[in-house]
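The values are calculated or read from the model by the stated rules, or taken from the named source; none is laboratory data. Treat the numbers as computed from the prediction; the structure is a model and nothing was measured. Glycine gets a Cβ as well: all are built from the backbone with ideal geometry, and neighbour counts include every protein chain shown. Side chains are part of the model used for accessible areas, which takes the heavy atoms of the whole protein and leaves out ligands, DNA and RNA. Shrake-Rupley method; radii C 1.70, N 1.55, O 1.52, S 1.80 Å.
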Amino acid sequence: MIRVSALYRFAPIADPHAARDALLAVARAAGVKGTLLLAGEGINGTIAGAPEALDRVIARIRELPGCADLSLKHGWAATNPFHRLKVKVKREIVTMGVAVDPLTDAGTYVAPAAWNDLIADPQTLVIDTRNAYEVAVGTFAGAVDPGTASFADFPAWFRDHRETLMAGKTRVAMFCTGGIRCEKSTAFLKAEGVEAVHHLDGGILRYLEEVPEDQSRWQGECFVFDQRVAVGHRLAPGTHALCHACRMPVGETDRASPLYVEGVSCPACHASRDDTQRAGYAERHRQQRLAEDRGTSHVGWSAPVPGQDGVG
């Protein structure tokens, strides 16, 4: 089995480029695949490989200043959900576009075991900070969906709807995939003057891992930024596939549509692609299948980049 490790840590990294070079060398030597993003504010990413190989890379990450207490979650896959390794330096490890300090201003962490009681309170405003296509795969019962296409849209959405959202509410509870987006979104709300701000410690992934299914308030599956596409309780592989034309998750109902062609189109993107584009997707899909039959990797397509839309 392949272990999949999602990780992040906000910590001041004085020289992200030097850290990138060191981590790239260690990860390559270990045969690890996936994506790591580095910035002056910290590190974020998801990597996969043999457990002992991941342990070597994670040990090196923990040596970075301030990264010993790395936020880390593990899942499992039958095959590696990544085709290649990418270690990049970015301006932000998760892009919100508003200057905040998650190290000092993040909201109150709430353990998965205490989350149900918090969000069941009618005075709690529950916000899903993820993007609309992620929310469509699954979310907590009663959570508000901002309908955003990018995490960078979140600040404007909250400012535009704050008065309506906060009516009759005394506190805010927010959640995201692994916790990283909530580090910034809770700091943002506090900067906007909202005092009682909470977020799910470890994100949806830790909740699904720790909370028994018969006690869970989660509905659906959780989108993840790799070729597993989505996971369920105990982080078991979900039922969604990924459209390789538009890179959006496709559920079982959409896969039954005549507009869904594996590797070529789905109901969400069929009308926006022409015959020439679909022919190109079909050829790429054929090449991928041939590569799989040969036992090799075809890297003409990659999963959404963690941090680009904001994994976590």
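Please work out, to two decimal places, the log10 of the ratio I(q)/I(0) at q = 0.08, 0.13, 0.15 Å⁻¹ from a Debye calculation in which every Cα of the chain carries one identical scatterer.
Values returned for q = 0.08, 0.13, 0.15 Å⁻¹ are -0.36, -0.97, -1.26.
What pairs in K86/K184; K33/K90; K90/K184; K169/K190; K90/K169 have C-alpha atoms more than 26 Å from each other? Please report the intermediate quantities before stating the final value.
Values: K86/K184 24 Å; K33/K90 19 Å; K90/K184 16 Å; K169/K190 15 Å; K90/K169 37 Å.
The pairs that break the limit, which is 26 Å between Cα atoms, are K90/K169.
Give me Rg/Rg_expected for region 25-95, where Rg uses Cα atoms only and Rg_expected = 2.2 N^0.38 Å with N residues.
On the way: Rg = 11.9 Å, N = 71, 2.2 N^0.38 = 11.1 Å.
Here the Cα radius of gyration is 1.07 times the empirical estimate.
Roughly how many Å² is the accessible area per residue of the chain, as a whole number, for a 1.4 Å probe? Present the calculation step by step, with values, prior to reporting the outcome.
Details: 13560 Å² over 312 residues.
With the other protein chains kept in place, the chain gives 43 Å² per residue.
If you put +1 on each Lys and Arg Cβ and -1 on each Asp and Glu Cβ, how big is the dipole of the chain around its Cα centre, in Debye rounded to 20?
Values: 34 positive and 37 negative charges, 200 e Å.
I would put it at about 960 debye.
For region 109-257, with only Lys/Arg (+1) and Asp/Glu (-1) charged at the beta-carbon, what is the dipole magnitude about the Cα centre, in debye rounded to 20?
Working: 14 positive and 20 negative charges, 55 e Å.
Here the size comes out at about 260 debye.
Residue farthest toward the positive end of the dipole of the chain, with Cβ of Lys/Arg at +1 and Asp/Glu at -1: which of T170, A268, F140?
A268
What fraction, in whole percent, of alpha-carbon pairs in region 199-302 exceed 16 Å separation? All intermediate terms of the calculation are to be shown ahead of the outcome.
Numbers: 3456 of 5356 pairs.
More than 16 Å apart: 65 percent of the Cα pairs in region 199-302.
For the chain, which whole-number percentage of the solvent-accessible area (1.4 Å probe, protein heavy atoms only) is attributable to carbon and sulfur atoms?
Numbers: 6740 of 13560 Å².
Of the solvent-accessible surface of the chain, carbon and sulfur hold 50 percent.
When the dipole is taken about the Cα centre of region 118-177, and only Lys, Arg (+1) and Asp, Glu (-1) are charged at their Cβ, what size is it in debye, to the nearest 20?
I would put it at about 160 debye.
Separation of region 29-67 and region 150-208 by C-alpha centroid, Å?
One Cα centre to the other: 27 Å.
In region 188-294, which GluC sites (Glu not before Pro) are in a loop and have at most 11 other Cβ atoms within 10 Å, using DSSP for the loop call?
Here the sparse-neighbourhood loop sites are E195.
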